[in-house]
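What follows draws every value from the coordinates through simple rules; no lab data is involved. The model shown is predicted, which means the values in this text are computed figures rather than measured ones. Note that we place each Cβ from the backbone using ideal geometry, even for glycine, and neighbour counts take in every protein chain shown.
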Protein chains: 2
Amino acid sequence: MSFPEQYKQRVKSINAYLMNSIEIIENKKLKAAMAHYPGAGGKRLRPLLATIACESVGGSSRDALPYGVALEMIHNFTLVHDDVMDEDLTRRGIKTVHATFGIPEAILAGDALFARAFELVPESGAHAADVGRLSAVLAKAVRLLAEGQQMDMDFEDLRRVRPADYMKMIDLKTAVLFAAAAQGGCIIGEGIKKQEEALTEYGRLIGLGFQIWDDVLDLVSDEKTFGKPVLNDIRNGKKTLMVIEAMEDLRGREREELLSTLGNEHATQSQLERARDILDESGMIDHAINVANGLIKDAKRKLVVLPDSKHRKCLEEFADYMVTRKT
Amino acid sequence: MSFPEQYKQRVKSINAYLMNSIEIIENKKLKAAMAHYPGAGGKRLRPLLATIACESVGGSSRDALPYGVALEMIHNFTLVHDDVMDEDLTRRGIKTVHATFGIPEAILAGDALFARAFELVPESGAHAADVGRLSAVLAKAVRLLAEGQQMDMDFEDLRRVRPADYMKMIDLKTAVLFAAAAQGGCIIGEGIKKQEEALTEYGRLIGLGFQIWDDVLDLVSDEKTFGKPVLNDIRNGKKTLMVIEAMEDLRGREREELLSTLGNEHATQSQLERARDILDESGMIDHAINVANGLIKDAKRKLVVLPDSKHRKCLEEFADYMVTRKT
């Protein structure tokens, strides 16, 4: 059984808890806007990670479920607000929240998902004395997410972004929430300090791998498999690791061709494909895949502090899944 | 010494803690956007309430300071997002956050203030076992704020709003945060359950009084004293208690005159003043003042469960200040 399949039942529990937690909202418009993305599916990677991390230190997955759902709400709140900021009109094959309900409603729905997430944290089976720390872990992660999002927006106005800047940005914008998932799960499962540190770092590393692989998929996948339009990052001029490294290395005509297509809304399909081929032929895609694989390898090494168990094995598979998934 | 003057020193401590808590932000643009409103002053009523409530049950004001600052951050985050939603360009005599930094930056600054608030909660001197509950109190308050804001936005499209709807809306949009201030202060000060319930209700009632008085000031004050343009609510067509009651009661020409000015951006100063006079002469302003005074009286009655002390006296003065303040 492949990694996600063995957790089908758990994903059902996550979805039920998630949608139920939104039911409490009285205002119909607010509730509908809040439920728009959570109801449209998703892989639930962060809740899964939290529950498996909890199990890996001897806890029960049930205890980590509310915290996991809180992470999923935070993730969805950032999607809602990011889509407003980026003026994106579609996501997951449906209209974005602000395109459906209006910008004020989307800002508010994001805020309410954010608030609701923090209401769920005490529902977790954590020791009463740990609940405050759990909230603080989550709050810090969201603060760093905001730093990452601002850094990403700043990139748009920069001519040159270094690979290290990119790594820092995705650390903040993507990896910290995976880190908070693994750390929180460990706190709820009452893991020892050494395990908490290792799981936090494991979460961070697979989060970095996840994001680089996401950027790779945008180039090498097709829309049907990926579930969203491909070559979008090129059209939007997104400064991915591959683009950044290409800009450092390439000279002459290839550089000019790539530059003229990046961020060009009117680029034709063949121009987009040519840009992709330039990144491919110059070895940038392979390089990014290597970086992602290296991060996953490092992440798995962190797990040695955990007792040998099927849950540890699942965390290894989880890490591999980050950079083998097709969607 | 009048109510706010006796807390000058405390307001200084609140301001220092507030601005210091924003200093941790690395991204310069994000930090500046977050500091824009907190740095422009404000009465710090919510932190003051939290610290005095804490003292009133025998706690130390210092212990409640971080929680109080968290409330102030939440308050400021809602101002930032509300201004985006309402497309307002000035506040507190300065340009709004989005007018200064851009809409994406304002959305993000609000989110980051929100997150930072929840990071501060564990810095309070609450029992470790109470920190989780403190976070949950704050989270629930923010969720209800969002319900109130959506309800307020829904009012814009409604022809008829009943007085009870208005009371519910300001309960959610304004009073819950005052309630959370008093309740949280009591939790930190380790008040007993009866005191916590009484202080929560006290906070809610003075919050309602605060909002009704705010609507009154918009009509009876002048710009210089009020510190912001007056008669704005009439121009914006805001459905205040006074307007709602007038719409229930008035008939004939006065009703027509009022209706033609409400929400009319092009209304002249004399039309605005005429609308104000209609509300005044029909007794609506006096009625609202009576309602506000009644709420404050009820609020003060709740305080009987507290030990007789100068802090209880201060809470009485605090309540009175809500409906006597000029700004």
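When a/c is below 1.5 the answer is rounded, else prolate if a/b is larger than b/c, else oblate, so apply that to region B:153-285 with a ≥ b ≥ c taken from the square roots of the Cα gyration tensor eigenvalues. Walk me through the intermediate numbers first.
Numbers: a/c = 2.87, a/b = 2.13, b/c = 1.35.
In terms of gyration-tensor shape, prolate.
Count charges around A:Ala319 for me, please; just the other residues with Cβ under 14 Å from its Cβ, Lys/Arg as +1, Asp/Glu as -1.
Around A:Ala319, the surrounding residues sum to +3.
Looking at chain A, identify the longest residue range that excludes and avoids all trypsin sites (Lys or Arg not before Pro) in DSSP loops having at most 10 other Cβ atoms within 10 Å.
Answer - A:1-158.
Provide the net charge surrounding A:Ala32, with neighbours chosen by a C-beta distance below 13 Å and charges set as Lys +1, Arg +1, Asp -1, Glu -1.
Details: positive: A:Lys28, A:Lys29, A:Lys31, A:Lys95; negative: A:Glu23, A:Glu26, A:Glu105, B:Asp154.
Summing Lys and Arg as +1 and Asp and Glu as -1 gives 0.
Per DSSP H run of n ≥ 4, the term is -39500 (n - 2.57); total these for chain B, divide by its residue number, and report the mean residue ellipticity at 222 nm rounded to 500 deg cm²/dmol. Present the calculation step by step, with values, prior to reporting the outcome.
Details: 17 runs with 233 residues, N = 327.
It lands at -23000 deg cm²/dmol.
Which distances in nm, rounded to one decimal and ordered from shortest, link the label point of B:Lys8 to the equivalent label points in the other identical copies, with labels set 7 Å from Cα toward Cβ?
7.2
Can you list the aspartates and glutamates whose alpha carbon is less than 20 Å from that of A:Lys194, not counting same-chain residues fewer than 8 positions off?
A:Glu55, A:Asp130, A:Asp298, A:Asp308, A:Glu316
Other chains' Cβ within 10 Å of B:25-36 residues: what's the mean?
Numbers: counts 4, 6, 9, 2, 4, 8, 2, 0, 1, 2, 0, 0.
For this peptide, the per-residue mean of nearby foreign Cβ atoms is 3.
In whole Hz, what ³J(HN,Hα) sequence does region A:248-265 give by Karplus (6.51, -1.76, 1.60; θ = phi - 60°), x for Gly and Pro?
Residue by residue, region A:248-265 yields 6, 9, 6, 10, x, 5, 4, 4, 4, 4, 4, 4, 6, 8, 4, x, 8, 4 Hz.
Lys and Arg at +1, Asp and Glu at -1: add these up for the other residues within a Cβ distance under 12 Å of A:Asp298 and post the number. Show your work: numbers first, answer last.
Details: positive: A:Arg204, A:Lys297, A:Lys300, A:Arg301, A:Lys302; negative: A:Glu201.
Here the count lands on +4.
Taking θ = phi - 60°, what integer Hz values does the Karplus form 6.51 cos²θ - 1.76 cosθ + 1.60 yield along region A:158-163, in sequence order, with x for Gly and Pro?
Listing the rounded values in order: 8, 6, 10, 10, 8, x Hz.
Loop-only check: which GluC sites (Glu not before Pro) in region B:166-265 are DSSP coil with at most 10 other Cβ within 10 angstrom?
Values: sites: B:Glu190, B:Glu196, B:Glu197, B:Glu201, B:Glu223, B:Glu245, B:Glu248, B:Glu254, B:Glu256, B:Glu257, B:Glu265; in loops: B:Glu190, B:Glu265.
Passing both the DSSP loop test and the Cβ count: B:Glu265.
Given label points at 7 Å from Cα along Cα→Cβ, what nm distances, shortest first, separate A:Glu23 from the same residue in every other copy?
Copy-to-copy label distances for A:Glu23: 4.8 nm.
Check each of the GluC sites (Glu not before Pro) in region B:22-95 and keep only those in coil by DSSP with at most 15 other C-beta atoms within 10 angstrom; list them in order. Provide the component values of the computation, followed by the final result.
On the way: sites: B:Glu23, B:Glu26, B:Glu55, B:Glu72, B:Glu87; in loops: B:Glu26, B:Glu87.
Sparse-neighbourhood loop GluC sites (Glu not before Pro): B:Glu26, B:Glu87.
How far, in whole Å, is the closest Cβ of chain B from the axis that maps B onto A, and which residue does it belong to?
Residue and rounded Å distance to the axis: B:Ser135, 2.
So what's the gap between the Cα centers of region B:262-320 and region B:129-163, to the nearest angstrom?
21 Å
So what is the relative contact order of region A:144-231, in percent, for Cα pairs below 8 Å that sit 6 or more residues apart? Before the final figure, lay out the partial values.
On the way: 85 pairs, mean separation 22.8, N = 88.
It rounds to 26 percent for region A:144-231.
Determine the shielding of peptide A:133-140 by partner chains: average, over its residues, the number of Cβ atoms on other chains within 10 angstrom of each Cβ. Spell out each step's value before the answer.
Working: counts 4, 4, 11, 8, 1, 4, 11, 5.
Counting other chains' Cβ atoms within 10 Å and averaging over A:133-140 gives 6.
If only Cα atoms are counted, what is the Rg of the protein assembly as shown, and what is its Dmax, in Å?
Expressed in Å, the Cα Rg and Dmax of the protein assembly as shown come to 26.6, 83.
Run a plain Debye calculation on chain B (Cα atoms as equal point scatterers, no solvent) and give log10 I(q)/I(0) at q = 0.10, 0.14 Å⁻¹, rounded to two decimals, same order as the q list.
-0.58, -1.13
In debye, nearest 20, what is the charge dipole magnitude of chain A about its Cα centre with +1 on Lys and Arg Cβ and -1 on Asp and Glu Cβ, if you could check? Don't jump to the answer; show the numbers that get you there.
Values: 44 positive and 50 negative charges, 185 e Å.
The dipole magnitude comes to about 880 debye.
Who wins for biggest fluctuation among A:Pro38, A:Pro163, A:Pro104 in a Gaussian network model of chain A, springs between alpha carbons below 10 Å?
Judging by the Gaussian network model, the answer is A:Pro104.
Where does each of B:Cys54, B:Cys314, B:Cys186 land when they are ranked from fewest to most other beta-carbon atoms within 10 angstrom? Could you put the intermediate results ahead of the total?
Numbers: B:Cys54 33, B:Cys314 20, B:Cys186 28.
Lowest to highest Cβ neighbour count: B:Cys314, B:Cys186, B:Cys54.
Under 25 °C and 0.890 mPa s, how fast does region A:211-252 diffuse according to Stokes-Einstein, given a Kirkwood radius computed over C-alpha pairs? Answer in µm²/s, whole number. Walk me through the numbers on the way to the answer.
On the way: Rh = 10.9 Å.
Value of D from the Cα-based Kirkwood radius: 225 µm²/s.
Nothing charged except the Cβ atoms of Lys and Arg (+1) and of Asp and Glu (-1): what's the magnitude of the dipole of the protein assembly as shown about its Cα centre? Round to the nearest 20 debye.
Numbers: 88 positive and 100 negative charges, 292 e Å.
So the magnitude is around 1400 debye.
With springs only between Cα atoms under 10 Å apart, run a GNM on chain B and tell me which of B:Ala99, B:Ala179, B:Ala128 wobbles the most.
In the Gaussian network model the winner is B:Ala128.
From the label point of B:Lys168, set 7 Å along Cα to the beta carbon, how far off in nm is each other copy's matching point, shortest first?
In ascending order, 5.0 nm.
Quick check on my link table: of A:Lys228/A:Lys313; B:Lys173/B:Lys228; B:Lys28/B:Lys173; A:Lys193/A:Lys302; B:Lys12/B:Lys310; A:Lys8/A:Lys31, which ones sit more than 24 Å apart, alpha carbon to alpha carbon?
On the way: A:Lys228/A:Lys313 31 Å; B:Lys173/B:Lys228 20 Å; B:Lys28/B:Lys173 31 Å; A:Lys193/A:Lys302 13 Å; B:Lys12/B:Lys310 21 Å; A:Lys8/A:Lys31 26 Å.
With Cα atoms farther than 24 Å apart: A:Lys228/A:Lys313; B:Lys28/B:Lys173; A:Lys8/A:Lys31.
Just name one of B:Gln211, B:Gly237, B:Phe226: the one whose Cα is farthest towards the positive end of the charge dipole of region B:177-255 (beta-carbon charges, Lys/Arg +1, Asp/Glu -1).
B:Gly237
For chain B, with a Gaussian network of springs between Cα atoms less than 10 Å apart, report the residue from B:Asn27, B:Asn76, B:Asn232 with the top mean-square fluctuation.
Among B:Asn27, B:Asn76, B:Asn232, the largest mean-square fluctuation in the Gaussian network model of chain B belongs to B:Asn27.
With all pairs of different alpha carbon atoms counted, what Kirkwood hydrodynamic radius in Å does region B:212-327 show?
Working: mean 1/r = 0.0645 Å⁻¹.
Answer for region B:212-327: a Kirkwood hydrodynamic radius of 15.5 Å.
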